[in-house]
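Notes to accompany the following structure.
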């Protein structure tokens, strides 16, 4: 903390010429206050303690919306409301896996969202091992009839989370591919980077006309154990019991709040997170922390005095199971005067990089933001900002400018979608650095009247 404070003091001269901002919106002052912030911790502690897991379409997610509306009103935000929609809902059932032969033993498994059911009696079948998803794709059609596919991979931690994009398809599309090749079921090595005996859940999807098969994720130690069994050259037989259910259309919803700006003609900034979580942990890093960070930063702007642009908070529902909340928001609000979108949905470890997708005429504004973030140890990336999952729809519908504040994802996939996603994994000091970074960006953008309109897409 001393190092950051010293850097802030030394950088203060950089902002003395920022006459467009009121003194109380000075980024240096806001950063100093945000680095003492308690609002973010209060939100993530409250949501994980008083609600806990918040799977989309369930009673727990409904309670979370009530909690969120009350919290945002108590914090002083305006136009706080819940906007509901209906969505298909899948819920978990019994989950067991065991090697029947040649080395009988239980394995740690969890069902993937939209998995089919084995029925209560379970399914026993020979396992076919595929070291990679590419190997499964190469398997002849019909070759897996009556068998259980096992797909592994070698996902490693990366700071930017890019390994998830490379190895996540084993979960995203692996079950659909296995089903089309005739498999009775599929198990995958969890899309994660830990070595805890905690399997990682997450959604999978089956194409129209493809009957969902039982689909589960093994903990990484168990997947590696299964690989060693195959290395001994013997056939492996597995018994699975996975009994999830699809319970039809259920209500979900988004929670929205606003910090009104002084100039309605200027497009608003929408800042997003998602309120729902998977059911195994309490959804602390995914994504109670994102809601906490964005809201605490907006609260800092509120305390500093009215900015020019309206800031709208979107606590989206049903992100984990198909981006239902983001899509609903994009459709319902495509006629609203948006200018820029941002999202926090990658945990609460320190922000290390900022990326932009702004019009060429706003290059000076991007430079100002990047310079203001330097005292927090945040560098400027060269990639174009794309925004998070919950703002993709509104970005596409309205061709919005985007700023991404990239968190360090080195340990994110140790915890992602596991029982270990709990409050104790959040470092309060890193959480405050996030709030400071977000407060900095919001203070500059919300007080700027620069034209943020991107060129029309060809």
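Below, the figures for the structure above:
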item	result
Quarter of Cα convex hull surface for region 164-204, i.e. mean projection, nm²	3.1
C-alpha long axis of helix 289-304 to longest principal axis of the chain, angle in °	10
Residues of region 80-115 with amide N under 20 Å of the 7 Å Cα→Cβ point at residue 228	97-109
Share, in percent, of DSSP beta bridges within region 93-243 that are antiparallel, nearest 5	55
Region 93-243, relative contact order [Cα under 8 Å, separation at least 6], %	39
Additional length obtainable on full extension of the chain from residue 166 to residue 138, 0.36 nm per residue less Cα span	8.3 nm
Segment residue 246-residue 422, length gained on full extension (0.36 nm per residue, minus Cα span)	60.7 nm
Projected label distance in nm at residue 430 and residue 96, using a 7 Å step from Cα toward the beta-carbon	3.7
Förster radius 60 Å - calculated FRET efficiency between residue 105 and residue 396 (Cβ-Cβ, nearest 0.05)	0.80
Angle between the chain longest axis and helix 2-11 axis [Cα atoms, degrees, rounded to 10]	40
Residue 367/residue 156 FRET efficiency (R0 45 Å; Cβ-Cβ; nearest 0.05)	0.85
Rounded to 5, percent antiparallel among DSSP beta bridges of the chain	55
The chain: angle of helix 39-50 to the longest principal axis, Cα-based, in degrees nearest 10	30
Centroid-to-centroid separation of region 297-365 and region 244-260 [C-alpha atoms, Å]	19
Length-normalised contact order for region 313-458 - Cα pairs under 8 Å, 6+ apart - percent	36
Rg/Rg_globular for region 92-182, with Rg_globular taken as 2.2 N^0.38 Å and Rg from C-alpha atoms	1.18
Cα-based shape type of the chain, given that a ≥ b ≥ c are square roots of the gyration tensor eigenvalues and the cut on a/c is 1.5	prolate
Ranked by how many other beta carbons lie within 10 Å on average, peptides 48-58, 191-201 from highest	191-201, 48-58
Scattering curve values for region 93-243, log₁₀ I(q)/I(0), Debye with Cα scatterers, q = 0.12, 0.19 Å⁻¹	-0.42, -1.13
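Bear in mind these aren't lab numbers, they're just calculated from the coordinates by the rules spelled out. Values in this document were obtained by computation on a predicted structure and should not be read as measured data. Please note: Cβ atoms are built from the backbone with ideal geometry, for glycine as well, and neighbour counts cover all protein chains shown.
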